[in-house]
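The values are calculated or read from the model by the stated rules, or taken from the named source; none is laboratory data. Quick caveat, the model's predicted, so the values are computed rather than measured. Don't worry about glycine lacking a Cβ; one is built from the backbone with ideal geometry, like all the others, and counts go over all protein chains shown.
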Amino acid sequence: MNGIVGYFYLLLLGIGFVLLTIIKSIDTFLVVEYYKLPSLLNHDVLRSIRILTNNNSFYMILLVAFVVPIVEETMFRLWLSLEARHIAISFSAILTYLLFGFKDLFKLNVMSLVILLSFIVINLLIYWVLKGRDIAQYLNRFITIKLLGSISAISFGLVHIANFAPLNTSIWFLYPIYVLPQMLLGYLTVQLRLKYGFIYAVGLHVLTNLVSVLMKL
């Protein structure tokens, strides 16, 4: 596992360096010089995490490097097996997040219990509907697994636009460019998920986030 995850991480670093160079150029010459706006690259993407963890370094590392990758891979990649149980887990996580968000999940109060119970109930309902159905055969009539993987990678990248909130609507069209590194990570984790298994996708995501958060502490 270490070898293939390491290879994909080096691939991420190589292509990511090129993307970051392009993003830096756009940020400097277009956002700052042309539009006279503050650099988007100065945005603190860990701001909400710092608040949630009271700026505790250990909890920040635990949350960013381990909890977040597992949750995000569950939402965006687990379901790509097209097995009923995996689809149920992924989409119940997505629906629970859309309904409640996950911030209250870590406060260990009544709301965290509501979130957990909602996840379980939605998961069981989805699994009950899908159990025994050949989902892969049905979907293959309309869409390929590669296209589903691309949708997963692009969606994963686009949701990270939220890292830049509040957004400046005058340059809304530039934000997708800023999350190209996340789309790249999404694409590479899709490849690992489909070729080697879910744990490999999680491994790459964990390694990427761990290095990133350690550099920002």
Item to check | Answer residue from the range 17-29, given it is among the aliphatic types (A, V, I, L, M) and in contact with a helix residue (DSSP H, G or I) (Cβ under 7 Å, 6 or more places away or on another chain) and is surrounded by the fewest Cβ atoms within 10 Å (Cβ to Cβ) among those | outcome: Leu20
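Tell me, which helices (runs of 4 or more DSSP H) wholly within the range 104-217 include 1 or more residues that are in contact (Cβ under 8 Å) with a residue 60 or more places away in the chain and basic (Lys, Arg)? Talk me through it step by step, then tell me what you get.
Numbers: elements: 110-130, 135-139, 145-159, 175-178, 180-195, 198-216.
Where helices (runs of 4 or more DSSP H) fall fully within the range 104-217 and carry at least 1 residues being in contact (Cβ under 8 Å) with a residue 60 or more places away in the chain and basic (Lys, Arg), they are 180-195, 198-216.
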Checklist outcome for this item: Selection from the range 98-131 of residues at pLDDT 85 or above and loosely packed, with under 14 Cβ neighbours inside 10 Å yields Leu98, Leu99, Leu113, Leu116, Leu117, Ile120, Val121, Leu124, Leu125, Trp128, Val129, Lys131
Checklist entry - Among (1) among the aliphatic types (A, V, I, L, M); (2) within 17 Å of the chain's Cα centre (by Cα); (3) crowded, with 17+ Cβ neighbours inside 10 Å, which single condition is Ala84 missing? => result (2)
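Residues checked against (1) of a type in the set (A, V, I, L, M); (2) farther than 30 Å from Leu20 by Cα; (3) at pLDDT 95 or above; (4) exposed (fewer than 12 other Cβ atoms within 10 Å of the Cβ):
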{"residue": "Arg133", "(1), (2), (3), (4)": "no, yes, no, yes"}
{"residue": "Ile145", "(1), (2), (3), (4)": "yes, no, no, no"}
{"residue": "Ile154", "(1), (2), (3), (4)": "yes, no, yes, no"}
{"residue": "Gly157", "(1), (2), (3), (4)": "no, no, yes, no"}
{"residue": "Gln182", "(1), (2), (3), (4)": "no, no, yes, no"}
Item to check | Test set (1) in contact with a helix residue (DSSP H, G or I) (Cβ under 9 Å, 6 or more places away or on another chain); (2) modelled with pLDDT under 95; (3) exposed (fewer than 15 other Cβ atoms within 10 Å of the Cβ) - Gly3 fails condition number | outcome: (1)
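Are any residues in the range 141-193 charged (D, E, K, R) and out of contact with any helix residue (DSSP H, G or I) (no Cβ under 9 Å at 6 or more places or on another chain), and if so, which ones?
Arg141
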Checklist entry - Could you say whether any residue in the range 32-48 is part of a helix (DSSP H, G or I), in contact with a Leu (Cβ under 6 Å, 6 or more places away or on another chain), hydrophobic (A, V, I, L, M, F, W, C) and buried (at least 16 other Cβ atoms within 10 Å of the Cβ)? => result no
Checklist entry - So, of the residues in the range 49-62 that are in a helix (DSSP H, G or I) and free of Cβ contacts under 8 Å to residues at least 24 places away in the same chain, which turns out to be surrounded by the most Cβ atoms within 10 Å (Cβ to Cβ)? => result Ile49
